[in-house]
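Please read through the structure below; I'll follow up with questions.
Bear in mind that the values in this text are calculations on the coordinates, not laboratory data. Every value quoted in this text rests on a predicted model; they were computed, and no experiment measured them. Methodologically, a virtual Cβ is constructed for each residue, glycine included, from the backbone with ideal geometry; neighbour enumeration extends over all protein chains shown.
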Amino acid sequence: MEQQEQALEQFLSLLTAAAEGNEEAREQVQPMLDKMAEDKNSRKFAARLEMLLDGERNLESLTRGLSENENALIRAILEKFN
């Protein structure tokens, strides 16, 4: 369980850095997002993360129609900007 939490924290950190314009982080996270986009269960979440990376910061736009867990992850990323 601890490894899973560390992996999630690392993923969130990469997403945050990429959303702040860090190109190296974007290059690292992009293959993960591409893989998520191939799965019908995570496609919508991957698209919202792409929106976040492209500069979208509106919580409702980013979380509409996502699961509670997905919403929590997006909120966690957005909180890092405040």
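Mind listing which trypsin sites (Lys or Arg not before Pro) in segment 27-61 are in a DSSP loop and have 15 or fewer other Cβ atoms within 10 Å?
Lys40, Arg57
Helix-only estimate, please: 222 nm mean residue ellipticity of the chain, summing -39500 (n - 2.57) across DSSP H runs of length 4 or more and dividing by its residues, to the nearest 500.
-23500 deg cm²/dmol
Can you compute the modelled spin-label distance between Asp54 and Ser13, with each label point 7 Å from Cα toward Cβ, in nm?
With each label placed 7 Å out from Cα toward Cβ, I get 2.8 nm.
If you project the alpha carbons of segment 2-79 onto their three principal axes, what span does each projection cover, largest first, in Å?
The Cα atoms of segment 2-79 stretch 29, 28, 25 Å along the principal axes, largest first.
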